[in-house]
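The values are calculated or read from the model by the stated rules, or taken from the named source; none is laboratory data. If you're wondering where the values come from, they're calculated on a predicted model, not measured in any experiment. Neighbour counts run over all protein chains shown; Cβ positions are idealised from the backbone, glycine included.
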Amino acid sequence: MQDTLANQAPNDIQFSEAEVGTSLWRDAWHRLQKNKMAVASAVIIAALSLVSAFAPWIAPYSYEEQNLELRAVSPRPGHWLGTDALGRDQLTRLLYGGRVSLMVGIVATGVALLIGVTYGAVSGFFGGKTDIVMMRTVDIIYALPFTIFVILLMVFFGRDIRLLFVAIGAVEWLTMARIVRGQVQSLKKQEFIEAARALGLPRWRIIFLHMIPNILGPIIVYATLTVPSVMLLEAFLSFLGLGVQPPMSSWGLMIKDGADRMEECPWLLVAPGVTLAATLFCLNFLGDGLRDALDVRASKD
Amino acid sequence: MPLLTVNNLRTYFHTRNGVVRAADDVSFEIEQGETLGIVGESGSGKSVTCYSLMGLVPQPPGKIESGSAIFDGKTDLLKCSMNELNHIRGKRIAMVFQDPMTSLNPYMRIEDQLIEPLLIHGICGRAEAVKRGLHALEEVGVPDAAKRIRSYPHEFSGGMRQRVMIAMALITKPELLIADEPTTAVDVTVQAQILELIKKMQNELGMAVIWVTHDLGVVAGFCRRTLVMYAGRIVESAPTEQLFHRTKHPYTRALQQSIPALQPKGTELYTIPGAPPDLSKRIDGCAFAPRCEFAREKCGKPPIELKTVEPGHATACVRVQSNEISL
Amino acid sequence: MFRFIARRFLEMIPVLFVIATLTFFMVRLAPGGPFTAEKSIPPEIQKKLEAFYGLNKPLYQQYLDYMGNLLKGDLGPSFKYATWSVNELIWSAFPVSLELGCYALAIAMLLGLSAGIIASLRQNTAMDHIPMSLAMIGICVPTFVLGPLLILVFGFALGWVNVSGWDSARDRILPALTLGTVYAAYIARLARGGMLEILNQDFIRTARSKGASSARIVFKHALKGGLLPVVSFLGPAIAGLITGSFVVETIFQIPGLGRFFVTAAFNRDYTMVLGTVLFYAVLIILLNLVVDVVQVWLNPKLRFE
């Protein structure tokens, strides 16, 4: 008769639905998917990247091909975005410009990642004097206008596009180093690392199986946010004439041409300008979305 | 006439997972100069009740669905304008919070924060306020007050910060002090000091105090009357002495049985079986029933209301109300 | 506080030293410089360079002379303009850039702070989403896209302002807007984030419980902490304003230091480029020092390091 719930041992308590645990990554993926702007951005970026990567096969003309009879014409069939003062098809140049931006984005960010992660991990892991010296160096360099130094490099040592990639990457590694070092430092102190040590796990296992997966999140977020910075820097340099050189095409160069002639040929300015802004916009949105998705504490409910 | 009359307070939180009924039909009174304790586990609704009275519930996602809280027979704290509320809080009703480490503004000097209630309510000018602030600090036992009043919070220890909080709350000589677990976040040695301090101030100022805690021992030494809350509802209300010696609710009894110091040595420690309910799901009937050794079928049926079974002593247990059991 | 400033000054010295040494060697290594076989430089300039660099003396002597000149503040003769020295060029152009920079910074702070603070107070409403979306766009539209667009609309299409130049007061508007908008966007986002973080803290709840009005809470309690991220950002923002000026001055044909720098870079006027870089470096370090001092003043926790 006394069949009350209290007579059941606590372990028998039934859950109403089976509660399946989710890993951090799956949870993050889930949250990212719900962020429609981020998803839309990702789709746009993927599309742009594909189109740019296949530019040599897709583009109707070559980027340096000049049609002197159709100089500076407004958009029309055959030249969907018009032509510039030398008769070069704008659509083609836009695609090739995208290719350059894509390459810069990937390579320069890769360089920044490589240098930054290594530097930051070493500094954070070893701590002590090494850390202090390394971080002070970063602090001092950070305060200076590195962009100006990139300009210096480009001025003095030629205009090889590969140098451009390395130079830009060398500018962006600083913040990555700081982030990685901060993460490694806080991870070192966390209890689950102590627990792993207490369990007798070898150091390499701790680093690769426990620390690195936890650092990946911020690294991915920051890498995604570095790409637009890098692209912007390239466009900036090209605009000033210090980056990509004609006859190669870059969005920055196209914008410069457009700005010079904007009274007569406004279309030369609008297409690359809008494309650049849109790409940066999507990349930033995606980065923000990733950050929100991966940040465990940023739950809005 | 009671200083504060709370009737049918309902504060719900509208979250992604459902509506959490944090405070569900809470009613009580407190007289001038009376000391009232509110006891309950985490999530029982004791803090939310106090925040509701002070207008500190974040809305959204919280919302005060219904109820009234008449202060001094005139103002309904739950319905009055922000302006009116700001005239009362900090001046006539003051609050001391649980965590002294985070409850003081790290970017402001102690002095500025301490005298702020006096300035906000126009009680006196700055020069006079500083004098009173210094005096208040000395009253609560901060050593070297004259020098330290210009410091920043991070230069004080936890216990000292809590004293500053108390001084700050009492500087306007309020009629009601709400203390939300003021000793929970400080060291054990400091807990007793804080308790003694509030006792002393209550004596001197003759103010009413609502002391919210999960620690039965604290109410025993200080509060004349105590409310016990569970799952957002009041389950028992009695003079503290009666609460301990002649409790009339199974939950209160279980709480008392759980005090480790009172259990015979060598036996397994008693714990209340089960877990507190999920407040986002509707609870029909008594919320404690799933864990109660006295539960019967009738306990699962609404309405469950607080009824007075002896003078000054009310319980929400339907079986005790109908004299089916006595504890 | 005083020790803090003194320490920072001392730290400045090795940095500048390194930069100066680097620049010394850069000029020697650059193709088309005075030390290479390609003597494509007009003779008067060649003479001045030789005097400045002491080309006939041993290397260490040249280095010492060079450093000596720098300490005196002499940045050498221009590579391209026979009658001008780098110092003169900088002094003539810098005040213009300074003026532009101040306007841009003012716009950035005013616009950014008000938008950010209001957005934080009206979280998740239209007053929040709209400014923040505009801010996002502001960050993504580079100065060299925004500038020409503004000229197109307000200069050519509407004809309200001149499309270039720095003569009348109205000429200041578009350049300052172009330069300042990006930073307004960043500041708006940072201010909003900083304020939101502060407004959710326990001590704001304490302030409310004391009966403080909303205005009091925002201005006396939240602002100091909430603006910390904005102040931290001012350091990089200043560097950004400088690099931004290159573009803006080029687009709007403003006779400022930025445009001189760009032209010098393009024309391979090495001494001018280096001189300007050194000048900027000193400027930035000094301004960063000011920013750091302000930060310490705002955040008392930093004072005990």
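Quick notes
- C:Q253, sole failed condition from (1) more than 14 Å from chain B (Cβ to nearest Cβ); (2) on the phi < 0 side of the Ramachandran plot: (2)
- Taken over region B:290-318, the criterion of being within 14 Å of another protein chain (Cβ to nearest Cβ), of a type in the set (G, A, S) and out of contact with any Ser or Thr (no Cβ under 8 Å at 6 or more places or on another chain) is satisfied by B:G300 alone.
- A residue that is of a type in the set (A, V, I, L, M, F, W, C) and more than 22 Å from B:M207 (Cα to Cα) occurs nowhere in region B:162-182.
- A count restricted to region C:186-227 and to residues that are of a type in the set (F, W, Y) and within 30 Å of C:T143 (Cβ to Cβ) stands at 1.
- Those strands (runs of 3 or more DSSP E) lying entirely in region B:200-302 with at least 1 residues within 22 Å of B:L176 (Cβ to Cβ), out of contact with any Phe, Trp or Tyr (no Cβ under 8 Å at 6 or more places or on another chain) and of a type in the set (D, E, K, R): B:225-230
- Index of the failed condition, A:T92 passing every other in (1) modelled with pLDDT of 75 or more; (2) touching an Asp or Glu at 6+ places or on another chain (Cβ under 6 Å); (3) over 30 Å from C:G258 (Cβ atoms): (2)
- Matching residues in region B:290-319 - criterion: being under 26 Å from the mean Cα position of the chain (by Cα) and hydrophobic (A, V, I, L, M, F, W, C): B:C292, B:I304, B:L306, B:V309, B:A314, B:A316, B:C317, B:V318
- Lone unmet requirement of (1) in contact with a strand residue (DSSP E or B) (Cβ under 7 Å, 6 or more places away or on another chain); (2) over 17 Å from B:I38 (Cα atoms) for B:L227: (2)
- Residue check for A:M154: among the hydrophobic types (A, V, I, L, M, F, W, C), in contact (Cβ under 8 Å) with a residue 60 or more places away in the chain, surrounded by 18 or more Cβ atoms within 10 Å (Cβ to Cβ) and within 13 Å of chain C (Cβ to nearest Cβ): yes
- Selection within region A:161-202 - closer than 30 Å to A:L240 by Cβ, over 16 Å from the mean Cα position of the chain (by Cα) and surrounded by 15 or more Cβ atoms within 10 Å (Cβ to Cβ): A:I161, A:L164, A:A167, A:R178
- At least 3 residues being free of Cβ contacts under 8 Å to residues at least 40 places away in the same chain, within 21 Å of B:V188 (Cα to Cα) and away from chain C (no Cβ under 14 Å) is the threshold, and among the helices (runs of 4 or more DSSP H) wholly inside region B:103-168 not one reaches it.
- Matching entry among C:L146, C:L134 (being surrounded by fewer than 21 Cβ atoms within 10 Å (Cβ to Cβ) and either in contact with an Asp or Glu (Cβ under 7 Å, 6 or more places away or on another chain) or within 14 Å of chain A (Cβ to nearest Cβ) (or both)): C:L134
- Any hit, region C:170-177, residues being in contact with a Gly (Cβ under 9 Å, 6 or more places away or on another chain), within 14 Å of chain B (Cβ to nearest Cβ) and of a type in the set (A, V, I, L, M, F, W, C): no
- Qualifying residue in region C:75-88 (condition: within 14 Å of another protein chain (Cβ to nearest Cβ), surrounded by fewer than 16 Cβ atoms within 10 Å (Cβ to Cβ), touching a residue at least 40 places away in the same chain (Cβ under 8 Å) and not in a helix (DSSP H, G or I)): no
- Of all residues in region C:262-271 being at pLDDT 80 or above and more than 8 Å from every other protein chain (Cβ to nearest Cβ), the one that is surrounded by the most Cβ atoms within 10 Å (Cβ to Cβ): C:A264
- Verdict on B:V212 being under 30 Å from B:P239 (Cβ atoms) and surrounded by fewer than 19 Cβ atoms within 10 Å (Cβ to Cβ): no
- All positions within region A:242-270 that are among the aliphatic types (A, V, I, L, M) and either facing chain C (nearest Cβ under 8 Å) or surrounded by fewer than 22 Cβ atoms within 10 Å (Cβ to Cβ) (or both): A:L242, A:M248, A:I255, A:A259, A:M262, A:L269, A:V270
- Flag for C:G68 being at pLDDT 75 or above, buried (at least 18 other Cβ atoms within 10 Å of the Cβ) and not β-branched (V, I, T): no
- Meets criteria (within 13 Å of the chain's Cα centre (by Cα), of a type outside the set (K, R) and in a helix (DSSP H, G or I)) for C:L286: yes
- For C:L228, the criteria (1) in contact (Cβ under 8 Å) with a residue 60 or more places away in the chain; (2) more than 13 Å from chain B (Cβ to nearest Cβ) hold in every case but one, which is (2).
- Test: residue in region B:10-24 that is within 13 Å of chain C (Cβ to nearest Cβ), in contact (Cβ under 8 Å) with a residue 24 or more places away in the chain and not in a helix (DSSP H, G or I): no
- Single residue of region C:109-131 satisfying the filter (assigned to a loop (DSSP other than H, G, I, E, B) and more than 13 Å from chain A (Cβ to nearest Cβ)) that is surrounded by the most Cβ atoms within 10 Å (Cβ to Cβ): C:R122
- Set C:Q295, C:Q253: member being out of contact with any Cys (no Cβ under 9 Å at 6 or more places or on another chain) and over 25 Å from C:F4 (Cβ atoms): C:Q253
- Every pair of residues 6+ apart whose Cβ atoms lie under 8 Å, when the first sits in region A:56-82 and is touching a residue at least 40 places away in the same chain (Cβ under 8 Å) while the second is assigned to a loop (DSSP other than H, G, I, E, B) and among the polar types (S, T, N, Q): A:Y63/A:S249; A:G82/A:S74
- Annotation for region B:70-87: at least one member residue is at the interface with chain C (Cβ under 7 Å from one of its Cβ atoms) and touching a Ser or Thr at 6+ places or on another chain (Cβ under 8 Å).
- Qualifying residue in region B:73-93 (condition: over 17 Å from the mean Cα position of the chain (by Cα), hydroxyl-bearing (S, T, Y) and at negative phi): yes
- Candidate set: region A:75-133, residues that are aromatic (F, W, Y) and outside any loop (DSSP other than H, G, I, E, B); chosen: the one farthest from the chain's Cα centre (by Cα): A:F126
- Number of the exception - B:I272 against (1) within 21 Å of the chain's Cα centre (by Cα); (2) hydrophobic (A, V, I, L, M, F, W, C); (3) surrounded by 17 or more Cβ atoms within 10 Å (Cβ to Cβ): (1)
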